[in-house]
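FYI, it's all coordinate maths here, none of it is from the lab. What you see is a predicted model, and the numbers here were worked out from it, not measured in a lab. In this analysis, Cβ positions are derived from the backbone assuming ideal geometry, glycine residues included, and neighbour counts consider all displayed protein chains.
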Amino acid sequence: MPYIGTSPSNGVRQTYDYTATAGQTSFSGSDNNGQTLVYTDSTYIDVYQNGILLVPSDYTATTGTTVVLDTGATVSDTLQIVVYDVFSVADTVSASDGGSFGGNVGVGGTLAVTGNVISPITLAGTTPTLTIGDAGAEDTKIVFDGNAQDYHIGLDDSADTLVIGKGSALGTTTAMSFDANGIVTKPLQPAFSVHKNGTDQSNMAIASTTVTWTHERFDANADFNLTDNNFVAPVTGKYFLNFMARLEAVDTGAAYYLANIVTSNASYRYIIDPNFSADLSYFKIQVTVLADMDASDTAHVSFVQNGGTQQTDIDGDATETFFMGHLVA
């Protein structure tokens, strides 16, 4: 059944109040209350001068925005124009029921949002800027709410660092940090350095032997397995690997010595022919490579002496013999 009468969303009466100057005849624009005069039909307006209702012959109302008196008003006369046209009370969005804005919305003060802001959101203009924070001494962050894993980007204000990490809490598990000088650190980036801590690996067999390690100088992501003497790549990537050792009692009778960094994909070798005039007290060997490794691939160091006498040792001094590496890309 249709609604009988005026729609409840509309009004039928609007009042405009003006104060006249001496001899003023034309009244339009903003009234004493900042309302701009508008009407659609002069038949449906009433004009009062000092509270007295004027008859239509006392004024002209044809433009829809102006009422003109036939006789000029006296200074400080009050002119009240009552418009009875049907009009919208306000082009507003309901506070209780909500709705949509079809045009631009400007906010001069603080905008507080307790619900969700639905995407997409575009920052337009010549220099689009989004500022988070108000220069106060507090941490600020953006949280990415994932299905299985959350991440955050935020400012640790007390340390003046920008951090990127796992979890919704700032600094929970920081993956990357930018300090006030622009220095970038990656606390979780795979990086290791292991050594023998003074224990020699003596009388190496005339065969292939795995070089063993006893201590970690550091192992940033816990990827080195001291039990198996190998590094386990946590992700697919390019890894810088470096092995250095001091050999002692090098046998000139050996056909060759071979040092290998052995990965699941390839071996990287350093070979010498110890064709010296006499056995050497010591000799330094090194293998450096940027290795292609897949996730879960391993890397270890092997040493081979072919022929000669079983007499060669790998010195255990931590400054002489070590194995290190890190993820590059």
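Summary table
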{"quantity": "Per-peptide average of other Cβ atoms within 10 Å, ordering 121-131, 47-57, 293-303 highest first", "calculated": "293-303, 47-57, 121-131"}
{"quantity": "Relative contact order %, segment 78-207, counting alpha carbon pairs below 8 Å whose residues are six or more apart", "calculated": "10 percent"}
{"quantity": "Mean Cβ neighbour count within 10 Å, used as a protection proxy, ranking 236-244, 18-26, 99-107 highest first", "calculated": "236-244, 18-26, 99-107"}
{"quantity": "Surrounding net charge for residue 289, when Lys and Arg each add one and Asp and Glu each subtract one, Cβ distance under 12 Å", "calculated": "+1"}
{"quantity": "Segment 10-88, relative contact order [Cα under 8 Å, separation at least 6], %", "calculated": "49 percent"}
{"quantity": "The chain - Rg over Rh from alpha carbon coordinates, Kirkwood radius", "calculated": "1.48"}
{"quantity": "Longest to shortest principal axis, alpha-carbon extents of segment 88-240, angstrom", "calculated": "99, 32, 29"}
{"quantity": "Distance in nm between pseudo-label sites at residue 269 and residue 240 (7 Å out along the Cβ direction from Cα)", "calculated": "2.6 nm"}
{"quantity": "For the chain, built as a Gaussian network whose Cα springs stay under 10 Å, the top-fluctuating residue of 119, 42, 267", "calculated": "42"}
{"quantity": "Within-13-Å neighbourhood charge of residue 239 [Cβ basis; K, R +1; D, E -1]", "calculated": "-3"}
{"quantity": "Cα-based Rg of segment 140-185 normalised by 2.2 N^0.38 Å, two decimals", "calculated": "1.10"}
{"quantity": "Mean separation of Cα contacts under 8 Å, 6 or more apart, over the residue count of the chain: relative contact order %", "calculated": "14 percent"}
{"quantity": "Sorted by Cβ neighbour density within 10 Å, fewest at the top, the residues 248, 138", "calculated": "138, 248"}
{"quantity": "Among 218, 27, 144: highest mean-square fluctuation, GNM of the chain, C-alpha pairs under 10 Å", "calculated": "27"}
{"quantity": "Rh (Kirkwood; distinct C-alpha pairs) - segment 184-309, Å", "calculated": "15.6 Å"}
{"quantity": "Reachable lysines from residue 238, criterion Cα separation under 28 angstrom, eight or more residues apart if same chain", "calculated": "166, 186, 196, 284"}
{"quantity": "Paramagnetic label zone (point 7 Å from Cα along Cα-to-C-beta, residue 280; backbone N under 16 Å) in segment 244-263", "calculated": "244-260"}
{"quantity": "Listed residues 59, 256, 282, most fluctuating in the chain (Gaussian network, C-alpha, under 10 Å)", "calculated": "59"}
